[in-house]
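Shown next, in structure tokens, is the structure this report addresses.
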Amino acid sequence: VDQNAKNAVTMSLPRDLKVGKEACYTGKVNEVFACASNNGKNEEAGATAVMKELSAISGMEMHYYVHVNWGSLVQIVNALGGITVTVDDDINDYYYTGIRMKAGVPTVLDGEKALGLARARHGSVGGDFTRGENQQKVLIGIKNKINLDIYTLEDPFKIQTESLERKKKLLGKFW
């Protein structure tokens, strides 16, 4: 997060990426949080371990960590009235997640479909790599919808007040 430039960078790693000693069983990055947090009982310890491990892997210092569970993702997207996402490759993951999307076609997704896209790793060319890209597209879709809603209102004071209240409502304890 660059507060001066007012931007942030997201990074996705394949969940099966092999990492160091922080992973407790198979050595994969997806278990670092669970192991270090004692299966979610100490979220701060889990987040710290993830940031430490990702810093070691990437060579970049990690300052922030956001952990959004699947239920929260569905609620956030539905509270926004859906998001628009365009995927780069056709996705046909109907059997596992129920998601089917055509490449290059802007598609409005409700919470359940956004969750399906975020979870889909079957039925696409890149598998887990495509899933990481699509998870970023879902996050960008949420960001774009929040910004679009902010700037389409007419009263500037109302924009600021409603935006702040909406973000607090949507993000709850993460705000």
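The values are calculated or read from the model by the stated rules, or taken from the named source; none is laboratory data. Being a predicted model, the structure only gives us computed values, none of them experimental. Cβ: placed from backbone, ideal geometry, glycine included. Neighbour counts: every protein chain shown. Surface accessibility is based on the protein's heavy atoms, side chains included, excluding ligands, DNA and RNA. Shrake-Rupley method; radii C 1.70, N 1.55, O 1.52, S 1.80 Å.
Considering only segment 67-175, give the strands (runs of 3 or more DSSP E) lying wholly within it that have at least 1 residues that are at pLDDT 90 or above and in contact with a Pro (Cβ under 7 Å, 6 or more places away or on another chain).
Correct list: 83-85.
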### Message
Between 73, 13, which is in contact (Cβ under 8 Å) with a residue 60 or more places away in the chain, open to solvent by 50 Å² or more (accessible area, probe 1.4 Å) and under 21 Å from residue 129 (Cβ atoms)?
### Response
13
#### Entry: Residues being open to solvent by less than 10 Å² (accessible area, probe 1.4 Å), out of contact with any strand residue (DSSP E or B) (no Cβ under 7 Å at 6 or more places or on another chain) and closer than 13 Å to residue 134 by Cα - total across segment 76-122
1
#### Entry: Near pairs, Cβ below 8 angstrom, 6+ apart or cross-chain, from segment 96-123 (more than 14 Å from residue 137 (Cα to Cα) and of a type in the set (Val, Ile, Thr)) to any residue that is part of a helix (DSSP H, G or I) and open to solvent by 40 Å² or more (accessible area, probe 1.4 Å)
97/119; 99/113
### Query
So which residues in segment 48-59 are among the hydrophobic types (A, V, I, L, M, F, W, C) and either free of Cβ contacts under 8 Å to residues at least 40 places away in the same chain or farther than 12 Å from residue 13 by Cβ (or both)?
49, 50, 51, 56
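Go through segment 25-37 and report how many residues are open to solvent by less than 30 Å² (accessible area, probe 1.4 Å) and closer than 16 Å to residue 13 by Cβ.
Of the residues in segment 25-37, 4 are open to solvent by less than 30 Å² (accessible area, probe 1.4 Å) and closer than 16 Å to residue 13 by Cβ.
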### Task
Might you check whether a residue that is small (Gly, Ala, Ser), free of Cβ contacts under 8 Å to residues at least 40 places away in the same chain, farther than 23 Å from residue 126 by Cβ and crowded, with 16+ Cβ neighbours inside 10 Å occurs anywhere in segment 38-47?
yes
